[in-house]
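Student: Just dropping this structure here.
The values are calculated or read from the model by the stated rules, or taken from the named source; none is laboratory data. The structure presented is a predicted model; accordingly, all values stated were derived computationally and were not measured. Methodologically, a virtual Cβ is constructed for each residue, glycine included, from the backbone with ideal geometry; neighbour enumeration extends over all protein chains shown. Accessible surface is based on the protein model in full, side chains and every heavy atom, while ligands, DNA and RNA are left aside. Shrake-Rupley method; radii C 1.70, N 1.55, O 1.52, S 1.80 Å.
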Amino acid sequence: MTKDKVLEGLLASKAVAVIRMTDAAKLAKVAAALREGGVTALEVTMTVPGAVEIIRAMARDKEAGVLIGAGTVLDVGTALDVIAAGADFVVSPITDRDMIMACREADVLVVPGAFTPTEIVAAWRAGADIVKVFPATSLGPQFFRDLRGPLPHIRLMPTGGVSLENAREFLAAGACCVGIGTALLDKKMIDDDDWQALASRARRLVESLRGL
């Protein structure tokens, strides 16, 4: 899939499910439940045991329209590993220029992290396709609304602090999409193997973002 198609898919999905869990054995079932609920962009973080091989398997077996990303990518070596495994996009909580360049040379969409306006502009100028604003917990939607004035050309993805209740507000404030983790991946549902409940939770998120 081309980078333009991946970007198109992320913007259409509006939400990226950030999968950060220690029980890798359940990850495939979590991903299946999210897809059943209509969440098509899935980000597996490098904190998941065996993340690169999980991404390789998910990329190989993914359904049409599903995007598989790698998260918490901190350096060039890891970026190259996940790209070789078939990741459609690469996400980081930081801005590492060498990592961004490696993704650009491979023509893979890259989403580095930043926090302040200065960091956001630096990440964009370094070659970000989208800038992950992290952690967005203490910022709130108004921060994104304020940034749209001076920085309307920069695509922003808040992550951290995004919930089923406020995801729509972040998008309405100017974010191009949101990253949502623990607020979507309910720990009790996963512990109880309640995949239908998790799918319903994903469906609730997707339905809340319709019309934006």
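Here's the yes/no breakdown for (1) modelled with pLDDT of 95 or more; (2) within 20 Å of residue 132 (Cα to Cα):
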residue	(1), (2)
4	yes, yes
12	yes, yes
23	no, no
36	yes, no
44	yes, yes
86	yes, no
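Student: Could you pull out the residue among 77, 9, 69 that is of a type outside the set (D, E, K, R), touching a residue at least 40 places away in the same chain (Cβ under 8 Å) and either outside any strand (DSSP E or B) or out of contact with any strand residue (DSSP E or B) (no Cβ under 9 Å at 6 or more places or on another chain) (or both)?
Tutor: 9
Student: Which of (1) buried (at least 19 other Cβ atoms within 10 Å of the Cβ); (2) more than 14 Å from the chain's Cα centre (by Cα); (3) not in a loop (DSSP other than H, G, I, E, B) does residue 179 not meet, given it meets every other one?
Tutor: Evaluating residue 179 over (1) buried (at least 19 other Cβ atoms within 10 Å of the Cβ); (2) more than 14 Å from the chain's Cα centre (by Cα); (3) not in a loop (DSSP other than H, G, I, E, B) leaves (2) as the failure.
Student: Go through the range 160-174 and count every residue that is within 13 Å of the chain's Cα centre (by Cα) and farther than 19 Å from residue 204 by Cβ.
Tutor: Adding up the residues that qualify gives 1.
Student: If a residue has to be assigned to a helix (DSSP H, G or I), within 18 Å of residue 69 (Cα to Cα) and either under 16 Å from the mean Cα position of the chain (by Cα) or of a type outside the set (Asp, Glu) (or both) to count, how many in the range 93-127 make the cut?
Tutor: Of the residues in that region, 6 qualify.
Student: On the basis of being assigned to a helix (DSSP H, G or I), open to solvent by less than 10 Å² (accessible area, probe 1.4 Å), in contact with a Lys or Arg (Cβ under 9 Å, 6 or more places away or on another chain) and modelled with pLDDT of 95 or more, does residue 198 make the cut?
Tutor: yes
Student: Name the residues in the range 1-30 that are open to solvent by 60 Å² or more (accessible area, probe 1.4 Å) and charged (D, E, K, R), would you?
Tutor: Looking only at the range 1-30, we keep the residues that are open to solvent by 60 Å² or more (accessible area, probe 1.4 Å), and these are 1-2, 4-5, 8, 11-12, 20, 22-23, 25, 28-29.
4, 5, 8, 20, 23, 29, listed by residue number.
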